[in-house]
Amino acid sequence: MDVDRLFLALEAARNEYTELGLEARLQNLANSLQQLAAQPSDSNAATAFKSQFGDLATVLQNAQSNLAPPIRRMVWDATKLSRHMGLSLAARITKVIDDNRMTPQLAVTEMTALLDEVKTSMAVATSITTGLASLGLKSPGLSPGEYELGFSFPKTLVKPQANLVADELHELQKVLRAFAEVTGAPIDSVVLKKIGSSEWQFFFEAYAPTAAFLAVAIERIVTLYKTNLEIRKLKRDLESKNFP
């Protein structure tokens, strides 16, 4: 795994955890759940728990990590951090509550264990980023005005053979040169900057117009593909109902 990608992904996870105040929010939820378990007939305890749960659910649903690019999510998945972030964490909390509606004390135990798990995971992330920084391996990230294009070739699709990887890179280079030419940039302006080996990840430095144009093009292609799938589904539904 590329050290720069690892550092940036762990730092992003740690920063979100801190900025959203997730440790305090999780602790407040656990405390309110404990109070409700001790006094199940207390309406104030029920209201407090509902408020804490709703607040945390909203924060996790709107977390920026839910919109993270696939390459960063791959790092979170590999390090199991994704289980402690955004929608994944919200789903785990909801499951604890739903599975133990009749046994609130068991819900308290599982919620406390989940809180400890998240705290330990983020502490490890902090320790790793601090250690990498102390060894001079801290990634500087992108400078203002600097743009990077990242591509991942899954090893399940591209076999670990030099000639096959080279063929894929050759095809990718032709596409990138075409985009550079369309945006008025020199055709050799898209330069290979870094390589990651976990899933054959290639990162290119590009001019701003080229990066923006490529991002819009990919978005349009995905939208068209999604629309095509929806049309096919509707067509099958109509045929199954014998519509003419």
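Results, tabulated for the structure shown:
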{"read-out": "C-alpha center-to-center spacing [the stretch 21-98, the stretch 205-244] in angstrom", "value": "33"}
{"read-out": "Dipole magnitude of the stretch 3-134, debye to nearest 20 (Cβ charges: Lys/Arg +1, Asp/Glu -1, about Cα centre)", "value": "240"}
{"read-out": "Candidates ILE128, ILE231, ILE218, ranked by Gaussian network fluctuation over the chain, Cα under 10 Å, top entry", "value": "ILE231"}
{"read-out": "Amide N proximity, the stretch 159-203 versus ASP77 label position 7 Å along Cα-to-Cβ, cut-off under 15 Å", "value": "198-201"}
{"read-out": "Distance violations [Cα-Cα > 26 Å] among LYS80/LYS155; LYS159/LYS235; LYS193/LYS226; LYS50/LYS119; LYS159/LYS193", "value": "LYS159/LYS235; LYS193/LYS226"}
{"read-out": "Computed over the chain: relative contact order in percent, which uses C-alpha pairs under 8 Å that are six or more apart", "value": "20"}
{"read-out": "In degrees, nearest ten, helix 86-99 long axis to first principal axis of the chain (Cα)", "value": "30"}
{"read-out": "Of TYR17, TYR225, TYR147, the one that fluctuates the most in a GNM where the chain has Cα springs shorter than 10 Å", "value": "TYR225"}
{"read-out": "Degrees between helix 208-240 axis and first principal axis of the chain (Cα, 0 to 90, nearest 10)", "value": "70"}
{"read-out": "Charge sum, other residues only, whose C-beta stays under 11 Å from PHE203's C-beta, Lys/Arg counted +1 and Asp/Glu -1", "value": "-1"}
{"read-out": "FRET efficiency, 1/(1 + (r/R0)^6) with R0 41 Å, evaluated for LYS235 and ARG101 via beta carbons", "value": "0.45"}
{"read-out": "Among PRO144, PRO70, PRO154, residue whose mean-square fluctuation peaks in a GNM of the chain (springs only between Cα atoms under 10 Å)", "value": "PRO144"}
{"read-out": "Among SER51, PRO186, LEU224 - extreme Cα towards positive end, dipole of the chain, charges at beta-carbon", "value": "LEU224"}
{"read-out": "Local electrostatic count, ASP167, Cβ distance below 14 Å [Lys/Arg +1, Asp/Glu -1]", "value": "0"}
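Rule-based calculations on the coordinates, nothing more; no lab input. In this text, all values refer to a predicted model and were calculated from it rather than measured experimentally. Don't worry about glycine lacking a Cβ; one is built from the backbone with ideal geometry, like all the others, and counts go over all protein chains shown.
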